[in-house]
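Novice: My structure is below; once you've seen it, I'll send some questions.
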Amino acid sequence: MKPDPVQQEIIDEFSFFEDWMERYQYLIDLGKKLPALPPEQMTEDRLLDGCQSSVWFLAEGGPDKLTFKAQSDAAIVSGLIALLLRVYSGRSAPDILATKPVFIDAIGLSEHLSPTRANGLNAMLRAINNIARSELEANKSQ
C-alpha cells in the first residue's frame, strides 16, 4: 500500500537517520514540539486506557473534520503522539478510517518499540479510529 503524502514525509524524514538512537532522539524532539494541553483538559476521563505512561487524549469536531490533541508524560510517547496527530488530525472521519498507518512499519517502529510502547501506540490508533467511527455513526442517525 502506497503511503499518503503526510506519511511519506514521515518516512522520508526518518530515512535521514542511520541508527535507532538518532531516530529515538528525533521522536523525543518531535514530542517536545507538541503544544501542551491546558491543565483543565488533563482530566481523568481523558486518560487513554492501554498506555503504560499517562496519555491525555481528546477530539474536537465532527465527521467532516476531526482534530485531535494529546499529551503524555513520557518523551518517546509524546513523539509517537506527534506522528499520529500529523497523520490523522484535521481529516474527515472517512479519511481517518481509510488511512492505514503504513509509516509505522516503514520507519521500523514495529520492530524497535518496547511492547509497552507498542501497546500504547495501538491504543492511540484504536482511540482515533473509534472516535472517527462514532462520529460517522452519530451522523447517520441524525
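Novice: Consider Leu66 carefully, then state whether it is modelled with pLDDT of 95 or more and assigned to a helix (DSSP H, G or I).
Specialist: Criteria not met by Leu66.
Novice: Ok, one more. Can you pull out every residue in the stretch 95-115 that is farther than 16 Å from Gly50 by Cα and without any contact (Cβ under 8 Å) to a residue 40 or more places away in the chain?
Specialist: Correct list: Asp95, Ile96, Leu97, Ala98, Ile104, Asp105, Leu109, Ser110, Glu111.
Novice: Output yes when any residue across the stretch 2-18 is more than 15 Å from the chain's Cα centre (by Cα), basic (Lys, Arg), farther than 14 Å from Gln71 by Cα and part of a helix (DSSP H, G or I), and no when none is.
Specialist: no
Novice: Still on this structure, I have one more. Scan Leu83, Leu109, Leu97 and give me the residue that is surrounded by 13 or more Cβ atoms within 10 Å (Cβ to Cβ), hydrophobic (A, V, I, L, M, F, W, C), under 19 Å from Glu22 (Cα atoms) and modelled with pLDDT of 95 or more.
Specialist: Checking each option against the conditions leaves just Leu83.
Novice: For Gly61, indicate whether it is at pLDDT 90 or above, surrounded by fewer than 18 Cβ atoms within 10 Å (Cβ to Cβ), among the small types (Gly, Ala, Ser) and touching a strand residue (DSSP E or B) at 6+ places or on another chain (Cβ under 7 Å).
Specialist: yes
Novice: Considering only residues of the stretch 132-142 that are loosely packed, with under 12 Cβ neighbours inside 10 Å and not charged (D, E, K, R), which is modelled with the highest pLDDT?
Specialist: Among residues in the stretch 132-142 that are loosely packed, with under 12 Cβ neighbours inside 10 Å and not charged (D, E, K, R), the one modelled with the highest pLDDT is Ser141.
Novice: Related question: Checking Ser72 against (1) surrounded by fewer than 19 Cβ atoms within 10 Å (Cβ to Cβ); (2) closer than 22 Å to Phe14 by Cβ, only one condition comes out false. Which one?
Specialist: For Ser72, the exception is condition (1).
Novice: Pick from the stretch 36-57 the residues that are among the hydroxyl-bearing types (Ser, Thr, Tyr) and either more than 17 Å from the chain's Cα centre (by Cα) or closer than 21 Å to Ser89 by Cα (or both): which of them is surrounded by the fewest Cβ atoms within 10 Å (Cβ to Cβ)?
Specialist: Thr43
Novice: If I ask for residues that are β-branched (Val, Ile, Thr) and over 11 Å from the mean Cα position of the chain (by Cα), which ones from the stretch 117-142 would you list?
Specialist: Within the stretch 117-142, just Ile131 meets the criteria.
Novice: Follow-up. Condition first: touching a strand residue (DSSP E or B) at 6+ places or on another chain (Cβ under 8 Å) and either surrounded by 12 or more Cβ atoms within 10 Å (Cβ to Cβ) or hydrophobic (A, V, I, L, M, F, W, C) (or both). Now tell me which residues in the stretch 18-35 satisfy that.
Specialist: Gly31, Leu34
Novice: Using beta carbons and a limit of 6 Å, which pairs, at least six apart or on different chains, have the first residue in the stretch 116-131 and assigned to a helix (DSSP H, G or I) and crowded, with 16+ Cβ neighbours inside 10 Å and the second one hydroxyl-bearing (Ser, Thr, Tyr) and modelled with pLDDT of 95 or more?
Specialist: Ile128/Tyr88
Novice: If you take the residues in the stretch 24-54 that are outside any helix (DSSP H, G or I) and aliphatic (A, V, I, L, M), which one is modelled with the lowest pLDDT?
Specialist: Residue satisfying both the conditions and the ranking: Leu48.
The values are calculated or read from the model by the stated rules, or taken from the named source; none is laboratory data. Computed from a predicted structure; not experimentally measured. With ideal geometry, Cβ positions are generated from the backbone for all residues, glycine too; neighbour counts draw on all protein chains shown.
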